[in-house]
Protein chains: 2
Amino acid sequence: MAVVGASADTSKWGGDVAARLLRTETVRPVYLVNRNGGEMHGRVAYRTLSDLPETPELVILAMPAAAFETTLDEALALGAKAFVALFAGLGETGQGGAARELRAAARLREAGALMIGPNCMGLADHTTGLQAVAYLDVPRGAIGFISQSGAMGEEFVARARAWGCGFSRYVTLGNQADVGIAEVLEGFVDHDATRVVALYAEGLREGRALAEAAARVVAAGRPVVLLAPGRSSAGARAARSHTGSLATSAAVLDAVCRATGVLRVDTPRELFEVTAGLLGAPRPRGRRVAVITEGGGHGGIAADALEAAGLRVPAFGAALAGRLREALPESAGANPLDFALGTTEPDAYARAVPVVAGADEFDAVFAVGQLGYWAARFPEFIELVAAEVKGAEAMAACAQATGKPLVVNTVYPDAAPAVRLRAAGVPVYREIASAVGALAALVRVAEARPSGVPRLPPPAAALAGPPDYWQAREVLAAAGLPMVEGRRVTGAEEALAAARELGYPVALKALGLLHKSDAGAVALGLGDAAALLAALADIGARLAPPACVVERMAALDQGIELIVGCRRDPLFGPVALVGYGGVYAELLRDTRTALAPLEAGEARTLLAELRAAPLLTGARGRSALDVAAAAAAVAALSRFAAAHPEVEEVEVNPLLVLPSGALALDARIVLRSADDDAARPNEEGA
Amino acid sequence: MAVVGASADTSKWGGDVAARLLRTETVRPVYLVNRNGGEMHGRVAYRTLSDLPETPELVILAMPAAAFETTLDEALALGAKAFVALFAGLGETGQGGAARELRAAARLREAGALMIGPNCMGLADHTTGLQAVAYLDVPRGAIGFISQSGAMGEEFVARARAWGCGFSRYVTLGNQADVGIAEVLEGFVDHDATRVVALYAEGLREGRALAEAAARVVAAGRPVVLLAPGRSSAGARAARSHTGSLATSAAVLDAVCRATGVLRVDTPRELFEVTAGLLGAPRPRGRRVAVITEGGGHGGIAADALEAAGLRVPAFGAALAGRLREALPESAGANPLDFALGTTEPDAYARAVPVVAGADEFDAVFAVGQLGYWAARFPEFIELVAAEVKGAEAMAACAQATGKPLVVNTVYPDAAPAVRLRAAGVPVYREIASAVGALAALVRVAEARPSGVPRLPPPAAALAGPPDYWQAREVLAAAGLPMVEGRRVTGAEEALAAARELGYPVALKALGLLHKSDAGAVALGLGDAAALLAALADIGARLAPPACVVERMAALDQGIELIVGCRRDPLFGPVALVGYGGVYAELLRDTRTALAPLEAGEARTLLAELRAAPLLTGARGRSALDVAAAAAAVAALSRFAAAHPEVEEVEVNPLLVLPSGALALDARIVLRSADDDAARPNEEGA
């Protein structure tokens, strides 16, 4: 390995990283390069890469950005194939720097070489004994870590140290001029030393290729936990200004997570705590949680938080309650189990855990309160402390034996019992909310059935131009959407004939306008010829449309209205959306998204996840609706969008779901403008 | 003061608390009492209270529960008026213990004396130099603290110590055999040393008296922060088993908080962190937050969290952006302000804060990231650390000068800059979510306009018996509810006459059944006489009702349906509920609650807070509805419920709100059963 820009001064990047690399020189030789030469860290620096006795396998670039291109050229000429660029001052500073990065990336690809960075903090890989992170020693362990931000990595490492866990491979990516997240993620698919992957991504640059890599890591049994800010407009602004990347909307990321099984979190704390929970604990077989506490009210708070997170805290069955009263005479036998011993019996937790963990009626055990009280507060009572520690070991052994997750919260997370539990793979958290979040994540991982990242079909013949409402109807009907019956008409005579044929009441819609309901171009519930003629005259006078559509009025009161659509994300391509519709749609935001195209089965799953889903399956005495027809329509729409890259957005609002069948009562297709095309190079995937 | 059950052994309660009291004996004499006498803590213990040279002002009861009554009798006979009972073994153990507590409470009241506990950890009051908490030294400060649980108090003190703040008065209440939360709360109304009150209540026992005390504390300028578990059924079970108290539902607590201005939190962590935030920071005048960060992605995460919490992170105006670029040349001038200096300029935060804090366009400043990096990571760089500390002092001074809250998040909360900031009243949090929660709490306190705890009117003449639907209509119409027009009919002839009078279409409802729609006792939209007769025949054959009601069909499609009701809470009495109605009501849970009775203005505020509120005021081109009429109906219903303590529940579902007026289309009144009465002694308030 070579460090270009090596320095004797360890307060400088090139000094710090050189010193750290030299500490692991037993694994492979390290050459220091400084254009001024000189002695540093007990050896003499080479003046150029060309002076080295061999071609380095890995070149750490710690010199100023000004020397980047000449250094890169020299290294590539020597045959170097791998670079880690720590220096800053290129892409993050604006257009000029970004252009230099693009040119360098092309040079690298041409030479068959790779570069991490620039503007990164380096990487570590304990499977190969590599420690090349500036200002940081990365502890060894089983977490795979990828971060665009070095600061976020440093924070993550601090949390890992406090917990007592470490990293198999740790990569900060910086500006991603060459190597991006997807490529590093891919490396974890068969990385046996890695049990969980934590990923911090400020602004994503890769689309389906990234999703596919994530899906493969997850499928290999390694959960992926993702922190990706930018949900809010201000958060998106921050991502853009900090990394120059586009922020991906929360709805699109939800679709990506659904397809891949990636777990999304919102804060650096959650990124670590969920990762740590997934590191050791087994996956629960269900959502039934037994809560045990030594009193003080933590049990009730935990139960509230668990149920708010979608877990269940059911009462103990009579037999289990009886066994618990034998093990802990002062317990009430309820769940949460409050053994009401205060802190006077240091092994009380250890007596309760095997009883509840052994019961078939629970899938997980949640111990909450003051475990480690004696060790933390009165270490002078040696027997009590010893009993606590022994109890902790028994708890860990029991969790291992039953294969059920045990998650612990205690106000004394640094005391010996907690340390012992964590070392044995039992996650222990200082905060109730953290412990609940970790158990909820275990359940999500256990229950996840990622749908996979769908392949995009070959493009169909593109639509000729922006379709009006009638053309949109035709196109979607051909794609398999069940459009409400209608006729294109010009003039009163054709309109009356169509209405007679369809049967009153009918709807009248003017063509040639995009937002029909806003412009007053739609008249509904026209009960007879007179009403139709009046509406036609009114619309004609106001809008003078080239033609109109007469449609049979649907039985709105016999079904419920959904919104169904597909939108093209700049990175991830077509994303399908289903939502509860009508005028309430915008207020209630009851929507779900998935990467398009999707199969009818997956569409059905989406529909079942809506809060309004009971309305589809027959809530409050209403009849069940034709969910299969709705799902088929969603799938057809998503296939259409996936096959038409020229379509920016397609929406059916409403799709009326009836007791038998579903009917599209409206349709809208927006083509992407020519300007958009340049910005979307990645969506087609790997 | 006297300690009964004093011990030489400090691992026992009577030993620990005696030793602690003796440390503050300069303030007042301490007498130790042990029935065996003996020497302890450097003095000889008295054998009985009667042996003391004077009557103690305060008696700490640390002997076993078995000796409670004899000790109490002796003390009361001597004229002692105040007791703190630490011992356990009474109310929390079951019926027998609870009965002994009730008898003791009666004895105390008779003697004009007061007792805290039993089963508590004691209390401290720094304004009077009292430190009588077992196993704990309580630091001095400006937090007033009340907790039913001693363990929760201990945890809170640990957090306060880590933060560097303390307590004016600290009270653990245990079983509340005599003194309850309301009485202690009341003591904070004019307690000048207290700036904020934190309250942990597992199961409430007092109703409106508690709410009134809380309202008075808040009105005196002291925010009250409340942690009260029991939202979930399991959480409620835990509260019941741990304290024997009833859990109060989240909806009722929401109503109490609305009336009083109390801030509710969900975890022990939030209880402390929100309290700490309220301790020093000024109240923001609005919701516009400037976020500043030194890079690394924390700014975007914070912006997402702030916007999710209802705060705003608007872009900087051009003038402000210009001033920022002068102060911090490398900043992008966006909000979040990322000055992109990494950690290289330790005073960068201090240069940014005055610029944004001085701008009228922001109400609060949120600094996020790695403040204190040098102090925490490289303390050997003394000049950089000094610059950080000086910067922190400048930030605090600026916050003080502008009167705008500055809230800080840093991964180095224990480093000198953070300590210095907290000492100056600037809240500093380790976690982004904590800092966001604290700022959101500051905004809530600043915006709170508590409605006050409404007085219950004198009871009206009680309803004679459970009213059927027709009687409920009559009663509510008399109370001012706008009932849809209808007629009580028996037989076809009366029904047809009523329908003719009202005009078709009509609705037909069978009397004598409570859940009409479930039992098929309602027929809607009967368009003519034939339809009415058919429905009458059908209902008659199936249900044989004593009579029916014929009602004019309302124009459902011209308005929106609300649920409006009042329910009697065992503790807090009548609580009004408004919600978005119809078949979606249960799915969407879009409801708000308030203590009844409420004025029309307050009802209007409730309605405006529904997520569906835009539907009332005219969303998406729909006409605005008569919100005033809806509010008047809610107020009338709440007045009715408040004046009828025999009414368990009254509900109008739906209340149809129309462009002009509102119409109650259904009504249901449930009387409380005789069994309920005994359990509800507290609701009438103080």
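The values are calculated or read from the model by the stated rules, or taken from the named source; none is laboratory data. Values in this document were obtained by computation on a predicted structure and should not be read as measured data. As a convention, Cβ positions derive from the backbone with ideal geometry for all residues, glycine included, and neighbour counts pool all protein chains shown. Heads up: the accessible areas ignore ligands, DNA and RNA and are worked out on the full protein's heavy atoms, side chains in. Shrake-Rupley method; radii C 1.70, N 1.55, O 1.52, S 1.80 Å.
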Using modelled backbone amide H atoms (1.01 Å from N, in-plane), which distant-in-sequence or interchain residues come within less than 5 Å of A:Val196's amide H? A:Gly144
Candidate aspartates and glutamates for bridging to A:Lys81, where Cα separation is under 18 Å - those fewer than 8 sequence places away on the same chain excluded: A:Asp51, A:Glu54, A:Glu57, A:Glu69, A:Asp73, A:Glu101, A:Glu110, A:Asp125, A:Asp178, A:Glu183
Within the under-11-Å Cβ sphere about A:Leu78, not counting A:Leu78, Lys/Arg +1 and Asp/Glu -1 give a net charge of -3
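Tally Lys and Arg at +1 and Asp and Glu at -1 over the other residues with C-beta under 9 Å from the C-beta of A:Ala228: what net charge comes out? Present the calculation step by step, with values, prior to reporting the outcome.
Working: positive: A:Arg231, A:Arg264; negative: A:Glu202.
Net charge in that neighbourhood comes out at +1.
Determine the calculated [θ] at 222 nm for chain A from helices alone, applying -39500 (n - 2.57) to every DSSP H run no shorter than 4 residues and normalising by the residue count; nearest 500 deg cm²/dmol. Mind showing how you got there, number by number?
Values: 24 runs with 264 residues, N = 686.
Calculated from helices alone, the mean residue ellipticity at 222 nm is -11500 deg cm²/dmol.
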How large is the dipole of region A:1-50 about the Cα centre if only Lys and Arg carry +1 and Asp and Glu carry -1, each at its Cβ, rounded to the nearest 20 debye? 100
Over chain B, what relative contact order in percent results from Cα pairs under 8 Å that are six or more residues apart? 9
With a 1.4 Å probe and every protein chain left in place, tell me how much accessible area A:Ser233 has, in Å² to the nearest 10. 80
Report A:Asp137's accessible area, 1.4 Å probe, all protein chains in place, as a number in Å² to the nearest 10. 60
Going toward the positive end of the dipole of the protein assembly as shown, with +1 on Lys and Arg Cβ and -1 on Asp and Glu Cβ, which of A:Ala213, B:Leu610, A:Val138 do you reach last? A:Val138
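For the protein assembly as shown, what is Rg from Cα atoms divided by 2.2 N^0.38 Å, rounded to two decimals? Don't skip to the end; give the middle numbers.
Values: Rg = 35.2 Å, N = 1372, 2.2 N^0.38 = 34.2 Å.
Scaled against compact globular proteins, the figure is 1.03.
Would you work out if chain B is rounded, prolate or oblate? Take a ≥ b ≥ c from the square roots of the eigenvalues of the alpha-carbon gyration tensor; rounded if a/c is under 1.5, else prolate when a/b is larger than b/c, oblate otherwise.
Details: a/c = 3.21, a/b = 1.29, b/c = 2.48.
Oblate shape, in that a/c is at least 1.5 and b/c is the bigger or equal ratio.
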Out of region B:115-207, which trypsin sites (Lys or Arg not before Pro) are coil in DSSP terms and have no more than 10 other C-beta atoms within 10 Å? none
Check cross-link reach from A:Lys390 to the lysines: straight Cα distance under 22 Å, and skip same-chain residues fewer than eight apart. A:Lys404
Which Cβ of chain A lies nearest the axis of the rotation superposing A onto B, and at what whole-Å distance? A:Leu588, 3
Measuring nothing but label to label, 7 Å from Cα along Cα→Cβ, what are A:Asp360's distances to the other copies in nm, shortest first? 7.3
Of the DSSP H helices in chain A, the ones reaching 27 Å or more along their long axis in Cα terms and averaging at least -0.5 in Kyte-Doolittle hydropathy are A:382-402
Mean separation of Cα contacts under 8 Å (6+ apart) over length of region A:388-491, as relative contact order %: 19
Normalised by the residues of region A:445-603, what does the relative contact order come to in percent, with Cα pairs under 8 Å and at least six apart? 21
With only Lys, Arg, Asp and Glu charged, each at its Cβ (+1 for the first two, -1 for the last two), find how big the charge dipole of the protein assembly as shown is about the Cα centre; round to the nearest 20 debye. 360
Where does each of B:Asp414, B:Asp666 land when they are ordered by accessible area, with a 1.4 Å probe and the largest first? B:Asp414, B:Asp666
List the distances, in nm and shortest first, from the label point of B:Gly525 to the matching label points in every other copy, placing each point 7 Å from Cα along the Cα-to-Cβ direction. 1.0
Sorted shortest first, the nm distances from the B:Glu493 label point (7 Å along Cα→Cβ) to its counterparts in the other copies are 5.9
Just report the Cα centroid separation between region A:400-415 and region A:489-559, whole Å. 66
Along the charge dipole of the protein assembly as shown, Cβ charges K/R +1 and D/E -1, which of A:Ala352, A:Ala387, B:Gly261 sits furthest on the positive end? A:Ala387
Please list, in chain and number order, the residues 5+ apart from A:Ile292 or on another chain whose amide H is under 5 Å from its amide H, with Hs placed from the backbone. A:Leu337, A:Phe366, A:Ala367, A:Val368
Given points 7 Å out from each Cα along the Cα-Cβ axis, report the B:Ser233 to B:Thr26 separation in nanometres with one decimal. 5.8
In chain B, if the dipole is taken from +1 on Lys/Arg beta carbons and -1 on Asp/Glu beta carbons about the Cα centre, which of B:Ala399, B:Ala642, B:Ala99 is farthest to the positive end? B:Ala399
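Hand me the trypsin sites (Lys or Arg not before Pro) from region B:421-460 located in a DSSP loop with no more than 15 other Cβ atoms within 10 Å, in residue order please. Present the calculation step by step, with values, prior to reporting the outcome.
Details: sites: B:Arg422, B:Arg430, B:Arg444, B:Arg455; in loops: B:Arg430, B:Arg455.
Answer by residue number: B:Arg455.
About the Cα centre, and with charges only on the beta carbon of Lys, Arg (+1) and Asp, Glu (-1), how big is the dipole of chain A? Nearest 20 debye, please. Each step should come with its number before you reach the end.
Details: 64 positive and 76 negative charges, 99 e Å.
So the magnitude is around 480 debye.
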